[in-house]
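The values are calculated or read from the model by the stated rules, or taken from the named source; none is laboratory data. Remember, predicted model here, so these are calculated numbers, not experimental data. Positions of Cβ are backbone-derived with ideal geometry, glycine not excepted, and every protein chain shown enters the neighbour counts. Surface accessibility is based on the protein's heavy atoms, side chains included, excluding ligands, DNA and RNA. Shrake-Rupley method; radii C 1.70, N 1.55, O 1.52, S 1.80 Å.
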Amino acid sequence: MKKLASSAALSERAERIARRSRADNWKKPPRRIEPSECITCDSCLRGCPAEFGAVFDRGLDVVIVPELCSGCPACVLECPVDCIYVDEDWSPTDDAMWNHIELTAESAA
């Protein structure tokens, strides 16, 4: 069963969304999903802790938003096909995805 996040942790996530940046104290690089290997089962999405909420279903792809990913292994442990990797060379998330994230956050509130 997935542990519920505290309101403080969810508030920190909302702040990262507003800033569109990773937490300064995160030492690990974010994770990324290799689309050519992913079977779009959404196990990683369900396994990602709510305080990060970094994994999103984007139609035909499941993606990890690096600014929201702490680099923890929760999604990796859930993936049945081992398609999630450390992303040392991540690039900022595009505006279209941030708009999707903001809309998703508003509808959940």
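Listed peptides 81-89, 44-52 appear in the order 44-52, 81-89 once ranked by packing, highest mean of other Cβ atoms within 10 Å at the front. Local charge sum around Cys83 (other residues, Cβ-Cβ under 10 Å, Lys/Arg +1, Asp/Glu -1)? Value of the local net charge: -2. Its Kirkwood hydrodynamic radius, worked out from the mean inverse distance over all distinct Cα pairs, puts the chain at 14.1 Å. Normalised per residue, the accessible area of the chain is 61 Å², obtained with a 1.4 Å probe and no contribution from ligands, DNA or RNA.
Only Lys, Arg, Asp and Glu carry charge here, each on its Cβ (+1 for the first two, -1 for the last two); on that basis the chain has a dipole of about 420 debye about its Cα centre.
If packing is taken as the mean number of other Cβ atoms within 10 Å per residue, what is the order of 91-98, 6-13, highest first?
6-13, 91-98
Placing R0 at 41 angstrom, the Cβ-Cβ distance between Ser36 and Glu12 gives a FRET efficiency of 0.80 after rounding to 0.05.
In whole percent, and with a 1.4 Å probe on the protein chains, what portion of the accessible area of the chain is carbon and sulfur?
Carbon and sulfur atoms account for 54 percent of the accessible area of the chain.
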